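> The structure that follows is given in the form of structure tokens.
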Amino acid sequence: MSEEEAKQIALTRAEEIDKSLSRTYIVHEVSKGSESSKPVWMINLINVDKTSVSSSLWFYIDAKTGKILMVNGY
């Protein structure tokens with residue numbers, strides 16, 4: 001899975017999570033690493049509207065399957 005595909009998965013899921021709040025997210029940081037011996041994309045999205053405390057989401061996406069392994073927000 002490419003970096004661009006991982007970014008799109010994260011952006012799509014962020015829109016689903018915050019659909020009712022109408023936030024707009026952009027990609028802030030991308031890195032590749034491993035989680036439990038699996039290659040993962042780590043994608044950080046930030047809320048460009050800055051309307052709440054929860055303005056950042058971290059996605060851990062399996063680099064082979066595209067499955068979202070974890071989402072953290074703050």
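The values are calculated or read from the model by the stated rules, or taken from the named source; none is laboratory data. Just so it is clear, the model here is predicted, and its values are computed rather than measured. Using ideal geometry, Cβ is built from the backbone for each residue, glycine included, and neighbour counts are taken over all protein chains shown. SASA here: full protein model, heavy atoms, side chains in, ligands and nucleic acids out. Shrake-Rupley method; radii C 1.70, N 1.55, O 1.52, S 1.80 Å.
> When the helix-only estimate is applied to the chain (DSSP H runs of n ≥ 4, each -39,500 (n - 2.57), divided by the residue count), what is the mean residue ellipticity at 222 nm, nearest 500 deg cm²/dmol?
-6500 deg cm²/dmol
> Tell me the Kirkwood radius of the chain: reciprocal of the mean inverse pair distance over distinct alpha-carbon atoms, in Å.
Result for the chain, one decimal place: 12.3 Å.
> Need one number: nm distance between label points at K38 and V71, each 7 Å from Cα along Cα→Cβ, rounded to one decimal.
Using points 7 Å along Cα→Cβ, the separation is 1.6 nm.
> A further question on this structure: Quote the accessible area belonging to S37 in square angstrom, nearest 10, computed with a 1.4 Å probe and with ligands, DNA and RNA left uncounted.
120
> What are the ³J(HN,Hα) couplings of region 25-41, residue after residue, when phi is run through the Karplus curve with 6.51, -1.76, 1.60 and θ = phi - 60°? Round to Hz, x for glycine and proline.
Per residue, the Karplus-derived 3J(HN,Hα) values read 10, 10, 6, 9, 8, 9, 8, 10, x, 9, 9, 6, 6, 10, x, 9, 8 Hz.
> Using Cα pairs under 8 angstrom and six or more residues apart, how large is the relative contact order of the chain, in percent?
Once normalised by length, the contact order is 27 percent.
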